[in-house]
Each structure stands twice: as structure tokens, then as C-alpha cells.
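Quick notes on the structure that follows.
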Amino acid sequence: MNPLVMIIIGLVVGAGAGIAATTTILRNKLLSKSQQVLKDAEEKGEVIKKDKILQAKEKYLQMKSEYDKQANERNSKLQQQEQKLKQREQALAQKVEDLQKKSNELKSASENLNSQIEVLNRRKEETEKVYKQSIEKLEHIAGLTAEEAKQQLVEMMTDDARAEASNTILDIVEEAKITANDQAKKIVIESIQRTATEHAIENTVSVFNLENEEVKGRIIGREGRNIRTLESLTGVEVIIDDSPDAIILSGFDPIRREIARLSLHKLVTDGRIHPARIEEVVAKTRKQIEQEITEVGKRTCIDLGINNMNHELMRMVGRMKYRSSYGQNLLQHSREVANLAATMAAELGLNPKLAKRAGLLHDIGKVPENEPDLPHAILGMRLAEKYKEHPDVCNAIGAHHDETEMTSLLSPIIQVCDAISGARPGARREVVEAYINRLNKLEEMAMTYPGVVKTYAIQAGRELRVIVGAEKVSDVEANKLSYDLSRQIQSEMTYPGQIKVTVIRETRAVNYAK
């Protein structure tokens, strides 16, 4: 064999033996490492297991303490409720006992009352017997019956009344001759009803028209925040319903409704609608309205030729533009009264400037911002006194509804002019159905009184005439009927102005010539 081959074979065999030894060593090392890794893993598992057990124990203890706490709270609440129930039971028992006592007291009081009634009945019978005996004795002594004595007394009183009436008539005639000129002037005053200017109709709602329905959602805002902000800032209820392309603004204050309407118009035109923007726009609009109120007051005073009026009174005159009374615009009504009063004062030789001033300010008590619990005439008089108006003007304001005594000649003029402006055709509106119901109720109310034959509501419900039977109702009873009926109307009905109640009692003698 070739020696080179032998050498190569030897080398190969030696290398194989070395590889086998190396493989054995590596295997042993790997086995020892794997055993070590397993041992470490088992130790870590034990540690994790112990931690989890400890956490579970802590969680259990925590849950147990919370449960015990809740159980204690429930027990305490139950004990409190039981205590309250016991107290209520005791209170109810006390009330039952009190009711029993009161019932016994009422029974005893009822028995005492019955006995007293019996005693009173016996005394009444005795009194009637004594009265009859006294009447019989008087008739025997006088030699006249009760009817004859009554007839003589009536005749004597009738003669005296006729004589006194004749004297009174003569005095009235003499006084009429003296005051004929004043009576003529009154006729002139009542005939001055030529002023008829335009009037405005105000409601408690305003309608804001929209271009499309999509704007409603933007006005409402997310969860209604925009509409809530607008309502809280203006004090007006914003009603968004199924009305197409319209929003209703509801409120009794026309100034607030106007602020809300103008603010909505600006917001919709601008397109930015959110709470901060709403606050900004409402503040600007309120300032604009206040400026307009001041300008209207100044312009009205200039138009009427009234000078040196206090700034606050002038501002109240401007506020009248946004107020109404029975559908009649308050500012227009006050201007009418001022012009009428000036005309009448000139006819009577009085100061027309003071009359015009009093006419413009006579309803100033309807427009204060705080509105205290006073009649508007008295409140207006106090405001005029506060701002140093003429005493005649103050008295005319306070007396135009007879709520204070008239001390000036201007006062009856303002009262008459106020009635003329409110009573002229078309000045004030009223729902027809409510108007008819009021007239029917007036007539029905009068028919409930005994002795009433017919009733008539005339002069658009401002006068109620009641015709009574002369044989059923006396003159004194007619006066009492008129008074009682006026008090009942005043307490049970709502109406503008005043209602005159006239009771007519007459005797008719009818015969026929054949």
C-alpha cells in the first residue's frame, strides 16, 4: 500500500475519534444547562405563585372589608328607618287621641248649642206674645189701628218731602242759571271728539319668520344650549313648534320680545349662533333698544312742544311705544290725550301747555321697570312729584281714575280726554266672543235678584240698566239692589274702564178710551 494513503487514512481515523469526544462533551454541557434552566424556571414559578396567592388574599380581605362596611351602612339605615316609623306611629297615635278628644268636645258643644237654641226659641215666643200685647194696648189707647197710624204717618212725610223737594228744585234752578256758562263749556268739552289717529295692535307674542327649516336646528343648538341661553338673557319664551318657517316669541313685556326678535334676526343673518355670540348680540341689541327708547321720548316731546322734561320721565315716555292697553298703543293713546287736553284747555281759558304735559304723562305709571303693587295713576303721580312736575300736572295724573281727590281744573279734563281716546271707534280691540259673553253674564247676573223684570247691557257693556217691578221693589230696595249688583260685578268680573248700574223703578197706569 502506498505510504501516503496510509498517512491519510490515519489522519481521518484520528479526526473521527476527536469529533466523537467533542460531541460527547457538548452533549453533557447541554444537559447540565437544560437542567439548570428547568431548576431556575421552577424557582421563578414558585415565587410568582406565592405573589399571586398574596395578592388574592389582599383582594379578598379588601372585598370583605368593603362588604362589611356596606352591610354596616345598610343596618344603620334600617335602624334609622325603623326609628322613624316608630316616631310616626307614636305621632299618629297622638293625633288619633287628639281627634277623639276634639270629637268628644264637639259632641258636648253641640248638646249645649241645642239647649241654647231651645231657650232662645222659648224667649222668642215670649217676646212675640209681649209684642202683640203691646200693639193691642197701643191701638186701644190711640183709638187707631196700626195700618191707620201708618197711613197717617206716610201722608205727613209725603207732604214734608214734597215741600222740601220744591225748595230743592228752586235752589237747583237758581244754581243752574248762575253756572250756565260752565255747563255750556262742559258741552263743548264733551263734543271735542274729532281726533282719530292711527293705532297699533300689540299681542303677547311676536312671530319671527325664517327662510328655511334648517335654521331652527342651529337656533336650538346642541342639547338646546343656544335656545336656553337666549331665553335666560332676554326673559322671553322661544317656542319652536311645527309652524313652517316661523318661531314664536312669547312674553308679556314687549320690550323684551323686541330685544329677542332683533337679536334672533342679527344671529340668523350673521350665521354664527353659539352661547358666547348670543350674549354679545343680546347686549348690543339691549343697548340699541335703550337708545331708541330715549330718542322716541325726545322726539315725542319735541313734536308736542313740551320742554324741560326730566330725562327719566322722557325715557318712560319712550317706553310707552312698546306697551299697549286693550290693544291700543300706549304712546299713541298718550299723544291723543295730550292733544285733546290742549284743545279743551284752550277752549276753557286754561294753560294748554300744562294740559298737554299732563295728558302725555297721565299713564306714566304703566311703564316703570320695577312695577310696585300700586294703581298706575297713584304710581304715576308719585313719579311726577319725584321729578318736580307742576302740582296741577301731578294731581291730574293721580285723579284721572278717581283714585285721589281732584284739586285742579286740569284733572277732569285729563279724565274726559282719557275716556274719549279709549272709547272712540277702533281705539281698543276685544275678542268678539269674550265681549258677547261679558254682556250675557251682566244681564244674567242682574236677573238673579228678586223683583227684576228685564235687564239691558248698553253702551258696549259700559252701562247695565235693570228694570224692576214697582209693586215688588221699593225705592230703598232699588238703591240697595244697584249697590249690591255693582259690588258683585266688581268682585266677579274682569272688564275695561267702569260699568254704570242703573236700576229703574216705575209705575205705569194704562187705560183705554172706547
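Within the option set Thr158, Thr195, Thr179, Thr168, being surrounded by 10 or more Cβ atoms within 10 Å (Cβ to Cβ), at pLDDT below 85, touching a helix residue (DSSP H, G or I) at 6+ places or on another chain (Cβ under 6 Å) and outside the structural domain of Ala419 (by TED's automatic domain parsing) holds for one residue only, Thr195. The set of residues in the range 484-507 that are exposed (fewer than 15 other Cβ atoms within 10 Å of the Cβ) and in a helix (DSSP H, G or I) comprises Asp484, Arg487, Gln490, Ser491, Glu492.
Does Ile397 satisfy being buried (at least 22 other Cβ atoms within 10 Å of the Cβ), outside the structural domain of Pro254 (by TED's automatic domain parsing) and under 15 Å from Arg319 (Cβ atoms)? It is false that Ile397 is buried (at least 22 other Cβ atoms within 10 Å of the Cβ), outside the structural domain of Pro254 (by TED's automatic domain parsing) and under 15 Å from Arg319 (Cβ atoms). Restricting the range 421-463 to residues that are in a loop (DSSP other than H, G, I, E, B) and closer than 16 Å to Ile499 by Cβ, the residue that is modelled with the lowest pLDDT is Glu430. Identify the residue in the range 320-351 that is within 21 Å of Gly380 (Cα to Cα) and among the hydroxyl-bearing types (Ser, Thr, Tyr) and, among all such residues, is modelled with the highest pLDDT. Of everything passing the filter in the range 320-351, Ser334 is modelled with the highest pLDDT. So is Leu360 closer than 21 Å to Ile255 by Cα, touching a residue at least 24 places away in the same chain (Cβ under 8 Å) and in contact with a Lys or Arg (Cβ under 9 Å, 6 or more places away or on another chain) or not? Yes.
Can you say whether Ala384 is of a type in the set (Gly, Ala, Ser) and either surrounded by fewer than 18 Cβ atoms within 10 Å (Cβ to Cβ) or at pLDDT 85 or above (or both), as far as the supplied structure shows? Let's see the steps before the verdict.
Working: of a type in the set (Gly, Ala, Ser): yes; either surrounded by fewer than 18 Cβ atoms within 10 Å (Cβ to Cβ) or at pLDDT 85 or above (or both): yes.
For Ala384, the condition - of a type in the set (Gly, Ala, Ser) and either surrounded by fewer than 18 Cβ atoms within 10 Å (Cβ to Cβ) or at pLDDT 85 or above (or both) - is met.
Looking only at the range 297-332, how many residues end up being within 28 Å of the chain's Cα centre (by Cα) and among the hydrophobic types (A, V, I, L, M, F, W, C)?
Here the count works out to 7.
Might you check whether a residue that is surrounded by fewer than 22 Cβ atoms within 10 Å (Cβ to Cβ) and under 22 Å from Glu405 (Cα atoms) occurs anywhere in the range 288-304? Scanning the range 288-304 turns up no residue that is surrounded by fewer than 22 Cβ atoms within 10 Å (Cβ to Cβ) and under 22 Å from Glu405 (Cα atoms).
Exactly one residue out of Ala276, Ala260 is touching a Gly at 6+ places or on another chain (Cβ under 9 Å) and either within 30 Å of His333 (Cβ to Cβ) or among the aliphatic types (A, V, I, L, M) (or both): that is Ala260. Evaluation of Ile187 against the conditions (1) loosely packed, with under 13 Cβ neighbours inside 10 Å; (2) modelled with pLDDT of 65 or more shows that the sole unmet condition is (2).
So is Ser263 crowded, with 22+ Cβ neighbours inside 10 Å, without any contact (Cβ under 8 Å) to a residue 40 or more places away in the chain and outside the structural domain of Ile378 (by TED's automatic domain parsing) or not?
Values: crowded, with 22+ Cβ neighbours inside 10 Å: yes; without any contact (Cβ under 8 Å) to a residue 40 or more places away in the chain: yes; outside the structural domain of Ile378 (by TED's automatic domain parsing): yes.
Spelling it out, Ser263 is indeed crowded, with 22+ Cβ neighbours inside 10 Å, without any contact (Cβ under 8 Å) to a residue 40 or more places away in the chain and outside the structural domain of Ile378 (by TED's automatic domain parsing).
Taken as a whole, the range 204-212 holds no residue that is modelled with pLDDT of 75 or more, out of contact with any Ser or Thr (no Cβ under 7 Å at 6 or more places or on another chain), surrounded by 14 or more Cβ atoms within 10 Å (Cβ to Cβ) and not assigned by TED's automatic domain parsing to the domain that holds Arg319.
The values are calculated or read from the model by the stated rules, or taken from the named source; none is laboratory data. Treat the numbers as computed from the prediction; the structure is a model and nothing was measured. We place every Cβ from the backbone using ideal geometry, glycine too, and count neighbours over all the protein chains shown.
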